[in-house]
Amino acid sequence: MAAKIKKGDNVVVLTGKDKGRTGQVAKVLPSENRVVVTGINMVQRHTRPTQADPQGGIKNKEASIHVSNVAIADANGKATRVGFKTEGDKKVRFAKTTGDVI
């Protein structure tokens, strides 16, 4: 089945502590049904000093969000569902609210 959300898509968070915020998908984890969105769901990790990072300390990073908790943002910035249609011989994604090709 084709992916409804892909890397680089602008998405809106539907639930959780970042509800209503928008961001760009940085990474998709299809086997876990999760996505990582830049600037969303920030968590703090306590890291031990290593050769690559001799300082160590508390670092901020993005945690993954379940794919059901995000939706594609349409041209108006609102959450929309994704549909599929064929244009010529290509299968394309489109926003259900506006009908625009994503």
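For segment 72-102, what are the residues that are of a type in the set (Val, Ile, Thr) and part of a loop (DSSP other than H, G, I, E, B)? First the steps, then the outcome.
Taking segment 72-102 and keeping what is of a type in the set (Val, Ile, Thr), we get 72, 80, 82, 86, 92, 97-98, 101-102.
The answer is 97, 98, 102.
Determine whether residue 82 is touching a Lys or Arg at 6+ places or on another chain (Cβ under 7 Å) and free of Cβ contacts under 8 Å to residues at least 40 places away in the same chain. For residue 82, the condition - touching a Lys or Arg at 6+ places or on another chain (Cβ under 7 Å) and free of Cβ contacts under 8 Å to residues at least 40 places away in the same chain - is not met. Condition check: touching a Pro at 6+ places or on another chain (Cβ under 9 Å), open to solvent by 70 Å² or more (accessible area, probe 1.4 Å) and not in a strand (DSSP E or B). Does residue 55 satisfy that? Taking the combined requirement at face value, the residue satisfies it.
The combined condition, being small (Gly, Ala, Ser) and open to solvent by 50 Å² or more (accessible area, probe 1.4 Å), is not fulfilled by residue 99. For segment 40-79, which residues satisfy the criterion of being touching a Lys or Arg at 6+ places or on another chain (Cβ under 8 Å) and on the phi > 0 side of the Ramachandran plot? Across segment 40-79, the qualifying residues are 41, 56. Selection within segment 72-90: residues that are open to solvent by 30 Å² or more (accessible area, probe 1.4 Å) and acidic (Asp, Glu). The member of this set that is farthest from the chain's Cα centre (by Cα) is 89. Within segment 58-71, the set of residues being surrounded by 11 or more Cβ atoms within 10 Å (Cβ to Cβ) and assigned to a strand (DSSP E or B) comprises 59, 61, 62, 65, 66, 70, 71.
Restricting attention to segment 1-43, the residues being exposed (fewer than 11 other Cβ atoms within 10 Å of the Cβ), touching a strand residue (DSSP E or B) at 6+ places or on another chain (Cβ under 9 Å) and not β-branched (Val, Ile, Thr) number 5.
The values are calculated or read from the model by the stated rules, or taken from the named source; none is laboratory data. Keep in mind that this is a model prediction, so the values were computed, not measured. Neighbour counts are summed over all protein chains in view; Cβ atoms, including those assigned to glycine, are modelled from backbone coordinates with ideal geometry. Note: areas computed on protein heavy atoms with side chains; ligands, DNA, RNA excluded. Shrake-Rupley method; radii C 1.70, N 1.55, O 1.52, S 1.80 Å.
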